[in-house]
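Chemist: Pasting a structure here, questions to come.
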Amino acid sequence: MDIELDGIPLNKTEQNQTGGKLEVRNISNISTSDRREMVEHDIPGMEGNVFQNLGRSPVNISFDGILQGKSVKSILETIRSKFKQGIPLPFNSNISGAADVTKVLIDDLRIMEIGGVSNRYNYSIVLREYKEPPPEPTIPPSQDEKAKEWGEKTAEESSGIYQLPYRKGSGF
């Protein structure tokens, strides 16, 4: 299972040449949740109802992890600073239910240092899918000038004297 948060792999193991572990990053207790927003409309005078699909809410991803090694403290500080900034982060994962999520916000982060073991930390993190806000509507250019030109052109064309057709017996 692969999970990367802002280019930082959270599930990997590095070993030295003799087989000793230099760094361990492990993930457990993964859960994802998402909802579909549906609205039910009653139809007056009919027995049935109509459901309207309003899309889905952002996916929530939560998991626990263990980081152990000399460089993990700097990794945790980096993740913590991203949490404090509250900015969307690139996310890559092959977790079922979250494979199509590409940007996330860190909703909650808890870090616990393990006593008796140097450079070992447990953490819990909750991520929420970040959806780009829709673009602001653009105001179309004013058509006042075109309308004025059209009005002037139409007025010029119709400025000639309009003659009614002659009808026999009408007295004209």
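The values are calculated or read from the model by the stated rules, or taken from the named source; none is laboratory data. From a predicted model like this one, the values you see are computed outputs, not experimental measurements. FYI the Cβ positions are ideal-geometry reconstructions off the backbone, even for glycines, and counts take in every protein chain you see. For the accessible areas, the whole protein counts, side chains as well, though only heavy atoms, and no ligand, DNA or RNA atoms are used. Shrake-Rupley method; radii C 1.70, N 1.55, O 1.52, S 1.80 Å.
Chemist: With a cut-off of 8 Å between alpha carbons and a minimum separation of six or more residues, what is the relative contact order of the stretch 46-122 in percent? Provide the component values of the computation, followed by the final result.
Modeler: Values: 61 pairs, mean separation 26.5, N = 77.
Computed over the stretch 46-122, the figure is 34 percent.
Chemist: Quote the relative contact order of the chain in percent (integer), defining contacts as alpha-carbon pairs under 8 Å separated by 6+ residues.
Modeler: Contact order relative to length: 20 percent.
Chemist: Here's a follow-up. Under a point-charge model restricted to the Cβ atoms of Lys and Arg (+1) and Asp and Glu (-1), what is the dipole moment magnitude of the chain relative to its Cα centre, in debye to the nearest 20?
Modeler: The calculation lands at about 480 debye.
Chemist: Further question on the same structure: Is there a pair in Lys21/Lys84; Lys82/Lys131; Lys73/Lys131 whose C-alpha atoms are over 25 Å apart, and which pairs would that be? Mind dumping the intermediate values first?
Modeler: Details: Lys21/Lys84 31 Å; Lys82/Lys131 17 Å; Lys73/Lys131 30 Å.
Lys21/Lys84; Lys73/Lys131, as the Cα separations exceed 25 Å there.
Chemist: Can you put Ser93, Ser158, Ser81 in order of accessible area, largest first, using a 1.4 Å probe?
Modeler: Listed by decreasing accessible area, they come as Ser158, Ser81, Ser93.
Chemist: On to the next question. Nearest 500 deg cm²/dmol is fine: what mean residue ellipticity at 222 nm does the chain get from its DSSP H runs of n ≥ 4 alone, each adding -39,500 (n - 2.57), divided by its residue count?
Modeler: Values: 2 runs with 28 residues, N = 172.
So the helix-based figure for the chain works out to -5000 deg cm²/dmol.
Chemist: Test of understanding: in a Gaussian network model of the chain with alpha carbons linked when under 10 Å, which of Val39, Val24, Val126 would top the mean-square fluctuation ranking?
Modeler: Maximum fluctuation in the GNM of the chain, among the listed residues, is at Val39.
Chemist: Now for a separate question. Which option, [x] 27, 18, 14; [y] 69, 24, 13; [z] 27, 20, 17, is the value of semi-axes √(5λ) of the Cα gyration tensor in Å that was calculated from these coordinates?
Modeler: [y]
Chemist: Among Tyr123, Pro58, Thr154, whose Cα projects farthest towards the positive end of the dipole of the stretch 57-168, with charges put on the beta-carbon of Lys, Arg (+1) and Asp, Glu (-1)?
Modeler: Tyr123
Chemist: Would you mind working out the accessible area per residue for the chain, using a 1.4 Å probe, and quoting it in Å²?
Modeler: Counting only protein heavy atoms, the per-residue value for the chain is 75 Å².
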